[in-house]
DNA sequence: CTGGCGGTTCTTTTT
DNA sequence: GAACCGCCAG
């Protein structure tokens, strides 16, 4: 069989990775080095060269988007959809296993997946019933604790005993939470993974079956695996199977969520005969951008080691702009955006990146003012929206009226006279009788245990759900019909119409969108594990962010956090707010290793840029209501100086040294009026913004500003002991540290 | 059940 | 600075 079509379009290293023998391999794929390509071609190669059936392959990703993309590209390359192959996210595949083997996994047949919102509600409910002080144990933290334990593969019983009352309480709550989930048949995200892992460990025949089936497992973004995901992979691969792990230790940015960079660092120790291949040729960015990224990331220890290079030229140096404040920073960015737009660049080819969401506001305001379309990437996911979750809760209730979580959620949405008091009675009754709230409601209505008004209200709710229940069971109804009915009967549209502002309108739009999404849902897949299309749809809704986002504007500047930028690329990128305390975030100073993760985040940011990168920071920034004066980020000085070029305003004059800035107002006005921008190259002397320098008299300090060129060039240095001073570069004997 | 008030908190986010 | 929560009054 001619397999050359699989290898022809690849470079040498990519070919090595794709045509590697059928053994364990680790592909260290730098940013923009064709990672997904290698993965997809590797799959094709396995099928054609080693004649592995798609049935014996499993490919694991983190996001649904990545899974979909991989699936699509396999089809594209091979020509047909790979029948029988498992392609999905960790959670999706774990879920699939659990649906198929729910009994072996010790689950109820109709178990449900909770998202983080449901989880938080459940925790709150449990704590309330236990009368626990939620100021000492904030529910959010409890969730966080439970999730962190599950990420590590620990059940409540495995959490080490502790004497301090706080940890004891946490552990106690975890126990109760486990119990509540068990009783209600609820699984949170972490539980999917944990349970799937346990399922394999406790069922040797089942494990053997899957180990024999999956001859080769492929994993994307391996650097982001957490302990339980890694454990599950190792179990699934076993002694006979083999694995291809693709990842980049330099892009591990989810440590705070339990990802273990050690998994990729120790990969070769845990798996036998690992062939390691490095993909270092970058097809995305210019030389200067890559050199900056390389120079920065070199400052991290314990790297597996990689250096990106490109055949395309140096390109433009990275431009560094020191904004006077965050307003000035935004104004500068908008100026450049307009320049590029007028040159003919599409707005969607431009991205503004920031460390934290709070930074987007000033930028947004500026974009609105300049009437430039923008889109904020990420943010609230479609299926996470309040109105959508309500509609889904109605569907869940219709399917199973005993679903207390759903009942709690919508029993009084829209308001129908079942207030906190009535709900409390229902809850209490359910607990005493050991039944669901639904059953409790029935009893209350039957025996008229509550005031007439409340009883009537509950009665009509019961009728509503009973009606929906028969609707849902009509076999000839489509999913979109079902949701249309639900929305209609529950009166969700008039409810949102009453909302003030544009919010209600958007919500109604989203509900319509939901009907559309439900209509487009195909259940004919190989998902025979599900008992009904509606159930399958509800599960999908929990596990999938919902690509059907109502607002995917074509022509718009992309705004997003650095985290959500991973995996994307743009010709023009702005890396904003690159200041100490902000980026790296000051939160990262305490824990060891966190600073390195921030640096990797910066590396991710830099490598998003294809043609041109702007790095900006502000000398003063208003954030959370108060003003702060941060120095330029240490990351700036870690970028090789020859890759950087400072952007200076043309009529720059000496700037006041003190933080008080006596002529703040005039300075501000001057900046506002000065629309002409100009570029000046740094002087020959190797000093740049953010450098640490030593002066023979004043000692050590940080370069925080400079102006002028040639013999007149002066720098402002903030000395550790002497405060900040302006020095003429050609006279001051500065030594760069 | 709604509206208003004060107090608190505020990286990053997918599943 | 604003968003969210819990509390209280109507």
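The values are calculated or read from the model by the stated rules, or taken from the named source; none is laboratory data. Fair warning: this is a prediction, and the values are worked out from it, not measured in the lab. Glycine gets a Cβ as well: all are built from the backbone with ideal geometry, and neighbour counts include every protein chain shown.
Residues being farther than 18 Å from residue A:597 by Cα, modelled with pLDDT under 95, out of contact with any strand residue (DSSP E or B) (no Cβ under 6 Å at 6 or more places or on another chain) and surrounded by fewer than 17 Cβ atoms within 10 Å (Cβ to Cβ) are represented in the stretch A:240-258 by at least one member. Screening residue A:358 against (1) in a loop (DSSP other than H, G, I, E, B); (2) within 16 Å of DNA strand C (Cβ to nearest atom) leaves a single unmet condition, (1). Among the candidates A:151, A:117, the residue that is within 14 Å of DNA strand B (Cβ to nearest atom) and at pLDDT 90 or above is uniquely A:151.
For the stretch A:391-426, a tally of residues being at pLDDT below 90 and within 16 Å of DNA strand B (Cβ to nearest atom) returns 20. When each of A:396, A:416, A:409, A:427 is tested for being farther than 24 Å from residue A:571 by Cβ, in the same structural domain as residue A:482 (by TED's automatic domain parsing) and touching a strand residue (DSSP E or B) at 6+ places or on another chain (Cβ under 8 Å), the lone residue that passes is A:396.
Applying the set (1) part of a helix (DSSP H, G or I); (2) closer than 13 Å to residue A:576 by Cα; (3) more than 11 Å from DNA strand B (Cβ to nearest atom) to residue A:335 leaves exactly one unmet item: (2). Note on the stretch A:157-169: residues that are part of a helix (DSSP H, G or I) and surrounded by 14 or more Cβ atoms within 10 Å (Cβ to Cβ) total 2. May I ask you to verify whether residue A:325 is within 16 Å of DNA strand C (Cβ to nearest atom), crowded, with 16+ Cβ neighbours inside 10 Å and within 19 Å of residue A:646 (Cβ to Cβ)? When the stated conditions are applied, residue A:325 passes them. The number of residues in the stretch A:370-401 that are more than 17 Å from residue A:489 (Cβ to Cβ), within 15 Å of DNA strand C (Cβ to nearest atom) and in a helix (DSSP H, G or I) comes to 3.
Of the residues A:73, A:42, the single one that is crowded, with 22+ Cβ neighbours inside 10 Å and either not assigned by TED's automatic domain parsing to the domain that holds residue A:230 or not in a loop (DSSP other than H, G, I, E, B) (or both) is A:42.
Of everything in the stretch A:8-39 that is closer than 26 Å to residue A:603 by Cβ and without any contact (Cβ under 8 Å) to a residue 40 or more places away in the chain, the residue that is surrounded by the most Cβ atoms within 10 Å (Cβ to Cβ) is A:18.
Please give the helices (runs of 4 or more DSSP H) falling wholly within the stretch A:418-531 in which 3 or more residues are surrounded by fewer than 19 Cβ atoms within 10 Å (Cβ to Cβ) and within 32 Å of the chain's Cα centre (by Cα). Let's see the steps before the verdict.
Values: elements: A:420-433, A:437-447, A:452-473, A:479-490, A:492-497, A:503-519.
In the stretch A:418-531, the matching helices (runs of 4 or more DSSP H) lie at A:503-519.
For the stretch A:120-156, the set of residues classified as within 11 Å of DNA strand C (Cβ to nearest atom), in a helix (DSSP H, G or I) and free of Cβ contacts under 8 Å to residues at least 24 places away in the same chain consists of A:120, A:124, A:128, A:139, A:140, listed by residue number. Within the stretch A:583-640, the residues that satisfy the criterion of being in contact with a strand residue (DSSP E or B) (Cβ under 9 Å, 6 or more places away or on another chain), within 16 Å of DNA strand C (Cβ to nearest atom) and either assigned by TED's automatic domain parsing to the domain that holds residue A:701 or touching a residue at least 24 places away in the same chain (Cβ under 8 Å) (or both) are A:618, A:620, A:621, A:622, A:623, A:628.
The condition (being touching a residue at least 40 places away in the same chain (Cβ under 8 Å), closer than 30 Å to residue A:580 by Cα and touching a helix residue (DSSP H, G or I) at 6+ places or on another chain (Cβ under 6 Å)) is satisfied by just one residue among A:468, A:397, A:363: A:363.
Tell me the residue from A:353, A:304, A:308 that is touching a helix residue (DSSP H, G or I) at 6+ places or on another chain (Cβ under 6 Å) and within 16 Å of DNA strand B (Cβ to nearest atom), please.
Numbers: A:304 fails: within 16 Å of DNA strand B (Cβ to nearest atom); A:308 fails: within 16 Å of DNA strand B (Cβ to nearest atom).
Selected residue: A:353, the only one of A:353, A:304, A:308 that is touching a helix residue (DSSP H, G or I) at 6+ places or on another chain (Cβ under 6 Å) and within 16 Å of DNA strand B (Cβ to nearest atom).
Going by the structure shown, is residue A:99 out of contact with any strand residue (DSSP E or B) (no Cβ under 7 Å at 6 or more places or on another chain) and within 15 Å of DNA strand C (Cβ to nearest atom)? No.
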